[in-house]
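Asks: Sending over a structure as structure tokens; questions will come in a sec.
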Amino acid sequence: MAAFGLMAPISKFAMVPNGLDGPSLAVLRIVGAAVVFSALALVFKLPPVEKGDFKYFVGMALTSIVFNQGMYITGLQLTSPLNGSLINIVTPIAVMTLSLVFLGIRITWCKALGVAISLVGVVGLVLSSAHAGGKVGSPVGDLCCVISQISCACYYVFFVKMVRKYHPLVILSRNFSIAAVLTLPVLIWKWTIISSALQVPAILWPTMYVVFMGTVFAYICLIIAQHHLPPPTVAIYNYIQPIIAGSFGILMGVDELTIFKVLAALFIISGVSLVTRSKE
């Protein structure tokens with residue numbers, strides 16, 4: 001989770017004037033991770049995807065990578081690292097809401113209360129960003145991060161059978177490869193900007209962190225954690241992200257701590273805790 005948390009503030013150093021924009025950094029993240037995960041899949045000689053399941057993998061790539069990572073990085077370009085990380089932990093809320101609407105899963109009063117509390121925090125965060133500027137946040141950026149988490153929730157809700165059917169490395173390699181193909185037009189369109197920006201060391205090193213540490217290393221660690229730890233424990237560690245992102249962002253001068261962010265964080269974390277810890 002430290003790798004995920006640090007990615008938010010570090011990515012801001014790549015997305016500077018005359019540097020990379022959100023879509024460019026997102027595409028580099030996707031393509032770079034696709035190359036690494038595909039190589040690992042070949043090394044371990046993992047089985048191929050069944051032909052009938054390919055269409056599901058396209059949907060998985062769109063929801064878990066193209067829209068999820070694309071909107072998140074774009075949101076980070078506009079908003080603060082702390083805002084993006086706080087919104088990033090509301091995925092369980094989006095998963096539960098989609099499960100209620102599309103799967104008819106029953107929701108307890110405890111979970112409903114958790115949803116309400118978290119939504120108050122998210123709405124408060126967006127509204128506070130609308131009345132501030134600069135390093136404090138951006139309502140458009142916050143909303144991009146919200147869309148990112150809704151997309152991620154769609155992946156968890158609608159493709160659970162595929163996730164359970166295939167090895168995690170198969171899913172990662174195939175999803176990132178498909179996403180790389182789908183985002184190739186953006187890479188071609190932005191190539192002049194990307195190639196010139198990556199010649200600047202101050203932009204190259206943050207970009208390499210986002211690709212290799214914030215994506216490849218972080219996803220591998222997450223897979224290992226999910227294999228050895230129960231889901232509630234993994235979810236608890238997810239709460240560390242805003243602390244790491246906010247602390248590092250403030251120290252590096254790319255973020256600011258306000259009373260509104262503190263209150264929003266308390267609401268969001270409290271609500272998500274109620275949802276994830278509820279037995280029913």
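The values are calculated or read from the model by the stated rules, or taken from the named source; none is laboratory data. Every value quoted in this text rests on a predicted model; they were computed, and no experiment measured them. In this analysis, Cβ positions are derived from the backbone assuming ideal geometry, glycine residues included, and neighbour counts consider all displayed protein chains.
Asks: Among the residues of the stretch 245-264, what is the count of those that are more than 16 Å from residue 13 (Cα to Cα) and either within 19 Å of the chain's Cα centre (by Cα) or outside any loop (DSSP other than H, G, I, E, B) (or both)? Steps first, please.
Replies: Here is the first cut: in the stretch 245-264, the residues more than 16 Å from residue 13 (Cα to Cα) are 257-264.
Still in the list and also either within 19 Å of the chain's Cα centre (by Cα) or outside any loop (DSSP other than H, G, I, E, B) (or both): 259-264.
Residues flagged as more than 16 Å from residue 13 (Cα to Cα) and either within 19 Å of the chain's Cα centre (by Cα) or outside any loop (DSSP other than H, G, I, E, B) (or both) within the stretch 245-264 amount to 6.
Asks: Please indicate, with yes or no, whether at least one residue in the stretch 71-90 is within 13 Å of the chain's Cα centre (by Cα) and in a loop (DSSP other than H, G, I, E, B).
Replies: Scanning the stretch 71-90 turns up at least one residue that is within 13 Å of the chain's Cα centre (by Cα) and in a loop (DSSP other than H, G, I, E, B).
Asks: From 17, 9, which residue is without any contact (Cβ under 8 Å) to a residue 12 or more places away in the chain, under 22 Å from residue 202 (Cβ atoms) and either assigned to a helix (DSSP H, G or I) or not charged (D, E, K, R) (or both)?
Replies: Working: 9 fails: without any contact (Cβ under 8 Å) to a residue 12 or more places away in the chain.
When all the criteria are applied, what remains is 17.
Asks: Assess whether residue 157 counts as being of a type outside the set (D, E, K, R), in contact with a helix residue (DSSP H, G or I) (Cβ under 8 Å, 6 or more places away or on another chain) and touching a residue at least 40 places away in the same chain (Cβ under 8 Å). Reasoning before the result, please.
Replies: Values: of a type outside the set (D, E, K, R): yes; in contact with a helix residue (DSSP H, G or I) (Cβ under 8 Å, 6 or more places away or on another chain): yes; touching a residue at least 40 places away in the same chain (Cβ under 8 Å): yes.
Criteria met by residue 157.
Asks: Scan the stretch 78-91 residue by residue and report those that are farther than 21 Å from residue 115 by Cα and surrounded by 24 or more Cβ atoms within 10 Å (Cβ to Cβ). Show your work before the answer.
Replies: First pass over the stretch 78-91, keeping only residues farther than 21 Å from residue 115 by Cα: 78-81.
Correct list: 79, 80, 81.
Asks: Continuing with this model, one more query. Given 33, 39, which one is in contact with a helix residue (DSSP H, G or I) (Cβ under 9 Å, 6 or more places away or on another chain), surrounded by 16 or more Cβ atoms within 10 Å (Cβ to Cβ) and among the hydrophobic types (A, V, I, L, M, F, W, C)? Walk me through it before giving the result.
Replies: Working: 39 fails: surrounded by 16 or more Cβ atoms within 10 Å (Cβ to Cβ).
The conditions single out 33.
Yes/no per residue for (1) closer than 24 Å to residue 63 by Cβ; (2) modelled with pLDDT under 85; (3) surrounded by 21 or more Cβ atoms within 10 Å (Cβ to Cβ):
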position: 113; (1), (2), (3): no, no, no
position: 120; (1), (2), (3): no, no, no
position: 127; (1), (2), (3): no, yes, no
position: 135; (1), (2), (3): no, yes, no
position: 141; (1), (2), (3): yes, no, yes
position: 147; (1), (2), (3): yes, no, no
position: 163; (1), (2), (3): yes, yes, no
position: 168; (1), (2), (3): yes, no, no
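Asks: Any residue at all in the stretch 161-177 that's charged (D, E, K, R), under 21 Å from residue 26 (Cα atoms) and part of a helix (DSSP H, G or I)?
Replies: Restricting attention to the stretch 161-177, the residues satisfying the condition of being charged (D, E, K, R) are 161, 164-165, 174.
Now narrow it down to the ones that are under 21 Å from residue 26 (Cα atoms): 174.
Going one step further and asking which of them are part of a helix (DSSP H, G or I), we end up with 174.
Yes.
Asks: When residue 262 is evaluated against the numbered criteria (1) surrounded by 15 or more Cβ atoms within 10 Å (Cβ to Cβ); (2) of a type outside the set (Asp, Glu); (3) modelled with pLDDT of 80 or more, which criterion, by number, is the only one it fails?
Replies: Answer for residue 262: the failing condition is (1).
Asks: When you scan the stretch 65-82, do you find a residue that is farther than 15 Å from residue 275 by Cα and without any contact (Cβ under 8 Å) to a residue 24 or more places away in the chain, even just one? Break it down into steps so the answer makes sense when it comes.
Replies: Pass one, the stretch 65-82, residues farther than 15 Å from residue 275 by Cα: 65-82.
If we keep only those that are without any contact (Cβ under 8 Å) to a residue 24 or more places away in the chain as well, we get none.
Within the stretch 65-82 (the criterion being farther than 15 Å from residue 275 by Cα and without any contact (Cβ under 8 Å) to a residue 24 or more places away in the chain), the answer is no, since none of the residues qualifies.
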